[in-house]
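The values are calculated or read from the model by the stated rules, or taken from the named source; none is laboratory data. Keep in mind the model is a prediction, meaning the values are calculated, not measured. A quick note on method: Cβ atoms are made from the backbone with ideal geometry, for glycine too, and the neighbour counts reach across all protein chains shown. Heads up: the accessible areas ignore ligands, DNA and RNA and are worked out on the full protein's heavy atoms, side chains in. Shrake-Rupley method; radii C 1.70, N 1.55, O 1.52, S 1.80 Å.
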Amino acid sequence: MTGIYGYLIAPFAEFEFMRRAFVGALALAIGAGPLGVMLMLRRMSLMGDAMAHAILPGAAIGFVVSGLSLFAMTAGGLIAGFVVALLAGIVARTTELKEDASLAAFFLVSLAVGVTIVSMRGTSIDLLHILFGNVLALDDQTLLLIAAITSLTLAVFALIYRPLVVECVDPGFLRSVSRAGAPAHIAFLALVVMNLVGGFHALGTLLAVGIMMVPAAVARFWTRDVTTMILVAVGCGIFSGYAGLLVSFHGGAPAGPAIILVAGVLYVGSVLFGRVGGLARRLIPRRHLEA
Amino acid sequence: MTVALRFHDLTLGYDRHPAVHHLDGAVEAGALVAVVGPNGAGKTTLLKGIVGLLSPLAGAIERGAVGPQDVAYLPQTLEIDRSFPITVYDLVALGLWRRTGLFGGIDRQQRDRVAAAIATVGLQGFEARIIGTLSGGQMQRALFARLLLQDARLILLDEPFASIDSQTVRDLLEIVARWHREQRTVVAVLHDLDLVRARIPQTLLLAREPVAWGATAEVLSAENLLRARRMCEAFDETAEVCAEDAA
């Protein structure tokens, strides 16, 4: 009994930094799960990755201006993310270029700017912090920020859920009955940027996308219903956070990557054994039905 | 007779090249009109113009008392993502959008209406199916159910019967006839001339410019059809500015 307790619960009971890390991961998973599922269904799975890169220069400028300051880096990241998302959207809607291509151009330029700033003004340790975050060093302010972002995400997501879904299924129909498509899309991108900025303090700019997209990909293998998919994604994200922190605690692995690696293991398991289109189901077909 | 749609010297097109050229005329409220013509005659363009997806290059479309919310449009090339996991029921229920809007729920009475619409198109038992599992004809039935719920005064159908079996066409035509009886205005782009002759009272024969417009039997004469085919000349990259406006 003490064995199980010692392995699974004691680290959190005994160490405050573990509790903080878990609360942070919990909040991130709850906010990012629904967004990840919607990104996946909108075939924008790589969009999160692009946005994460786009955030970097903003965070870097914030860092250059006032060091490792939560406020400066958050504000910088948000501004950079919004600017890139908006510019890409404007170029996509007013020129022949599609949104993915214009986004690619903007985020790559943005990334180059960010790396240049960090390299010229900071040390490599600072760069590592920005790229990979530190989930084991979340202070009160950061936790509050992440929790606030998650709360806002859930409220706004509920409001724009219907136009988002309908725009995925039948954009032509949505255009014919409502003008809400574009505003909902912009609000959705804003939520993605906010969650990535929140996640970047814990997991860094690059891994923040992981807690968003990997659970979504897992969820796709277990259900066809969008609501259930969101719940599965959130559950998977929470479990990854919990198990990842334990792996990190017992095995000494860095916490951020450990969380995403656990999600990765769940993903591989889902690809193999998932109820909806998993490989095992394909390789061992059951007999066909009568009707 | 009130007028549902009036075209004033309407020119619609893309990049200044006209696809519908100098169209004049009116669709009476409650009329059932077929739009017929060769490929590239501007039929889809005309519907897009009526819906408001395309602004006229010249002239105007007057929609009378019909507001944008009162138009239901079934496009030819569906932008529907068939891989999206949404059920037939939810897709059909979207037809209630005018009542539910972005946030409203659907009550018992509206549930009954959704069920009735699904029954009308013969899709009972398919409610919980994901749309990706439907055949082309079943999908078209579901979209007609959605049109039924939209309860619009003006219904625009762009080749609604393309690649659909004859039984489904018969069933869906029955719904079109019902709309006609309910005094709704229906404009449908169609290719099957026999079907148009048999079931649609009025026809607009279009070949970028209107060839003939009126009672179907008169419009679809061999002479008119031949003229339409000749008039649908190729897209001219170096076309001059249209002289008719200057004159």
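Excluding ligands, DNA and RNA, what is the accessible area buried between chains B and A, summed over both sides, using a 1.4 Å probe, to the nearest 100 Å²?
Buried area between the two chains comes out at roughly 2000 Å².
Where does region A:2-283 land on Rg/Rh, using Cα atoms and the Kirkwood Rh?
0.98
Starting at the first residue of region A:165-176, write each ³J(HN,Hα) from the Karplus equation 6.51 cos²θ - 1.76 cosθ + 1.60 with θ = phi - 60°, in whole Hz, x for Gly and Pro.
5, 5, 5, 5, 6, 8, x, x, 5, 4, 4, 6
To the nearest 500 deg cm²/dmol, what mean residue ellipticity at 222 nm is calculated for chain B from DSSP H runs of n ≥ 4 alone, each contributing -39,500 (n - 2.57), summed and divided by the residues?
Helix-only estimate at 222 nm: -10000 deg cm²/dmol.
Expressed as a whole percentage, what fraction of the accessible surface of chain B belongs to carbon and sulfur atoms when a 1.4 Å probe is rolled over the protein heavy atoms?
Carbon-and-sulfur percentage of accessible area, whole number: 50.
In whole Hz and in residue order, list the ³J(HN,Hα) couplings for region B:14-22 that follow from phi through the Karplus curve 6.51 cos²θ - 1.76 cosθ + 1.60, θ = phi - 60°; x for Gly and Pro.
After applying 6.51 cos²θ - 1.76 cosθ + 1.60, I find 10, 6, 6, 7, x, 10, 10, 10, 6 Hz.
Taking 0.36 nm per residue of sequence separation and subtracting the Cα-Cα distance, how much length would be gained by fully extending the chain between B:N39 and B:D24, in nm to one decimal?
Once the chain is fully extended between B:N39 and B:D24, it gains 3.3 nm.
Enumerate by residue number the trypsin sites (Lys or Arg not before Pro) in region B:57-98 meeting two conditions: DSSP loop (anything except H, G, I, E, B), and at most 10 other Cβ atoms within 10 Å of the site's Cβ.
Passing both the DSSP loop test and the Cβ count: no residue.
How much mean residue ellipticity at 222 nm does chain A get from its helices, if each DSSP H run of length 4 or more adds -39500 (n - 2.57) and you divide by all residues, to the nearest 500 deg cm²/dmol?
-28500 deg cm²/dmol
In whole Å, what are the Cα extents of region B:71-152 along the three principal axes, biggest one first?
29, 27, 22
Could you grab the Rg to Rh ratio for region B:27-82? Cα atoms only, Kirkwood for Rh.
Result for region B:27-82 is an Rg/Rh of 0.96.
Under the rule of at least 5 residues apart or a separate chain, name every residue whose amide H is placed under 5 Å from the amide H of B:A58.
Result for B:A58 returns B:T11.
Residues of region B:71-152: accessible area per residue at 1.4 Å, in Å²?
Result: 41 Å² per residue.
Using modelled backbone amide H atoms (1.01 Å from N, in-plane), which distant-in-sequence or interchain residues come within less than 5 Å of B:Q202's amide H?
Result for B:Q202 returns B:L32, B:A34, B:T216.
Report the far tail of the P(r) of region A:131-267, meaning the percent of Cα-Cα pairs longer than 25 Å.
Roughly 33 percent, rounded to a whole number.
Ignore the peptide's own chain and count Cβ atoms of other chains within 10 Å of each Cβ in A:219-230; give me the average, rounded.
2
Just flag the trypsin sites (Lys or Arg not before Pro) in region A:5-100 sitting in loop per DSSP whose Cβ has no more than 10 other Cβ atoms within 10 Å.
none
So how do B:W179, A:W222 rank on accessible area, 1.4 Å probe, biggest first, that is with the largest at the start?
Result, largest first: A:W222, B:W179.
What whole-number value in Å² describes the accessible area per residue of region A:27-121 for a 1.4 Å probe?
Accessible surface, normalised per residue, equals 44 Å².
Taking the full set of protein chains and a 1.4 angstrom probe, give the accessible area of A:Y242 in square angstrom, rounded to the nearest 10.
60 Å²
Could I have the simple spin-label model distance between A:A137 and A:L272, label points 7 Å from Cα toward Cβ, reported in nm to one decimal?
My value for the distance between the label points is 3.7 nm.
Considering only protein heavy atoms and a 1.4 Å probe, what is the carbon-and-sulfur percentage of the accessible area of region A:2-283?
Carbon plus sulfur share of accessible area: 72 percent.
Can you give the relative contact order of region A:2-283 as a percent, counting alpha carbon pairs under 8 Å and 6+ residues apart?
Averaging sequence separation for qualifying contacts and normalising by length gives 27 percent for region A:2-283.
Kirkwood-based Rg over Rh for chain B (C-alpha set), two decimals?
0.99
With a 1.4 Å probe and all protein chains in place, put B:H17, B:H180 in order of accessible area, largest first.
B:H180, B:H17
Would you mind computing Rg(Cα) / (2.2 N^0.38 Å) for the protein assembly as shown, counting N as its residues?
1.19
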